[in-house]
Amino acid sequence: MSNKKRIGVDVDGVLADFVFAFTSLAYEVGVTENIYGTDKQEDWKFPFEKGPVWKAWKDNMNHWMTLEPLVSDYDLAELNKLIVKHDVYFITTRASTRGLNAERQTDYWLRGIGVDAEHAY
């Protein structure tokens, strides 16, 4: 029997700072005056109208590839160790944007921050 485990890692809010990107764009489109990151967000509710922000998000080219990472180099090294030993799956639900599809953008983003995504799912 194998000791290999299946491990799921959420992307937005765990590896990527979706909240900072979303509130920054909300500021740009004029629906909020507050920009903040995941560390200040208690849930997935936002105190502003999200429709205009999602429209702008979807109109941006490869927007998912622009998110700031929430993880340190140490965290990435530990994650890559898990990927070598176990089946690691990256979990996310992402809307389409202009450019590459959301799955490809996520893959490129993961590789760009140093995740050994070639051996993950």
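The values are calculated or read from the model by the stated rules, or taken from the named source; none is laboratory data. All values reported here derive from a predicted model rather than from experimental measurement. All Cβ positions, glycine included, derive from the backbone under ideal geometry; neighbour counts span all protein chains shown. Note: accessible area is taken over every heavy atom of the protein model, side chains too, but ligands, DNA and RNA are not part of it. Shrake-Rupley method; radii C 1.70, N 1.55, O 1.52, S 1.80 Å.
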Restricting to segment 77-101, and then to whatever is under 14 Å from the mean Cα position of the chain (by Cα) and under 15 Å from LEU15 (Cβ atoms), can you tell me which residue is surrounded by the most Cβ atoms within 10 Å (Cβ to Cβ)? PHE90
Matching residues in segment 16-27 - criterion: being open to solvent by less than 80 Å² (accessible area, probe 1.4 Å) and under 13 Å from THR66 (Cα atoms): ALA16, ASP17, PHE18, VAL19, ALA21, PHE22, SER24, LEU25
State whether the residues of segment 37-48 include one that is hydrophobic (A, V, I, L, M, F, W, C), in contact (Cβ under 8 Å) with a residue 24 or more places away in the chain, open to solvent by less than 30 Å² (accessible area, probe 1.4 Å) and assigned to a loop (DSSP other than H, G, I, E, B). yes
Taking segment 56-76, which residues are loosely packed, with under 12 Cβ neighbours inside 10 Å and without any contact (Cβ under 8 Å) to a residue 24 or more places away in the chain? SER72, TYR74
Counting only residues in segment 88-121 that are of a type in the set (Ser, Thr, Tyr) and touching a residue at least 60 places away in the same chain (Cβ under 8 Å), the one farthest from HIS63 (Cα to Cα) is identified as TYR89
Which members of segment 13-35 meet the condition of being part of a helix (DSSP H, G or I) and without any contact (Cβ under 8 Å) to a residue 12 or more places away in the chain? SER24, TYR27
Mind checking which helices (runs of 4 or more DSSP H) fall wholly inside segment 50-121 and carry at least 2 residues that are at pLDDT below 95? 73-85, 102-113
Residues of segment 1-12 classified as assigned to a loop (DSSP other than H, G, I, E, B) and small (Gly, Ala, Ser), total: 1
Any idea which residue in segment 1-15 is most open to solvent (accessible area, probe 1.4 Å), counting only those that are farther than 10 Å from VAL88 by Cβ and touching a helix residue (DSSP H, G or I) at 6+ places or on another chain (Cβ under 9 Å)? ASN3
